[in-house]
Amino acid sequence: MTFNALRAPANICHVIAEKKVSYRDLVVFHVILWAIALVSRISYNIIGFIFRYIQDNEAGLYLFKGALPIVVFYAALFIIYYQLELLHLVFFKEIRKKTKLPIVNRRNIFVAALLPFSSTAIFWILPFPVNIVMTLAGLGISVYAVYSLLISECGHNGKSVLDFLLLGAFYFSLIGLVLAFAYNIFRMIFL
């Protein structure tokens, strides 16, 4: 049996649909990947310190430099995954009601399909341009996985997936607008 990379997202969804992997297991896996990101960033800082120390003997050790943004980045991404999952369930439930098609309730699609993006945590040990390129490649694979899962497992067509993506963009733009408005009010009053 050979591995077909284009069928991998559907295989992930079958594993989830058969209840072999629970939502809790997926969350634990994401948290482990975030811990790997933290460890790889600290390792990058230690390796950088060793190279700087060899060059000029007075290098400072910045062990946790860049570690907090990585933890916040992955935690914010998981919140976005969860919000997309909720938006998916509500949006496609309404579409199925209007079209009288059977409701296919596949949960945890986004949390599972975005595992390749979270797994790019190991690349934070690499220098700047390489880790960003690898993270963007993981994002591309995850977006493809979400698209193919919505098409193959949930029975959506390309137009409904595009409508969902536009709704998601509008949803997060609206949240960003509210947060920017609240920040500006806070800044005007207190600063």
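Each reported figure results from applying straightforward, stated rules to the coordinates on display, with no laboratory input. Quick caveat, the model's predicted, so the values are computed rather than measured. Every residue, glycine as well, gets a Cβ built from its backbone with ideal geometry; the counts of neighbours run over all protein chains shown.
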Excluding same-chain residues fewer than 8 positions from Lys98, which aspartates and glutamates have a Cα within less than 17 Å of its Cα? Asp163
Taking 41 Å as R0, compute the FRET efficiency from the Cβ-Cβ separation of Leu63 and Arg107 and round it to 0.05. 0.55
Report the gain in length on full extension from Ile50 to Ala35: 0.36 nm times residue separation, minus Cα-Cα distance, nm rounded to one decimal. 3.1 nm
Starting with the fewest neighbours, write out Met188, Met134 ranked by other beta-carbon atoms found within 10 Å of each beta-carbon. Met188, Met134
Can you give me the C-alpha center-to-center distance between the stretch 134-191 and the stretch 64-83, rounded to a whole angstrom? 16 Å
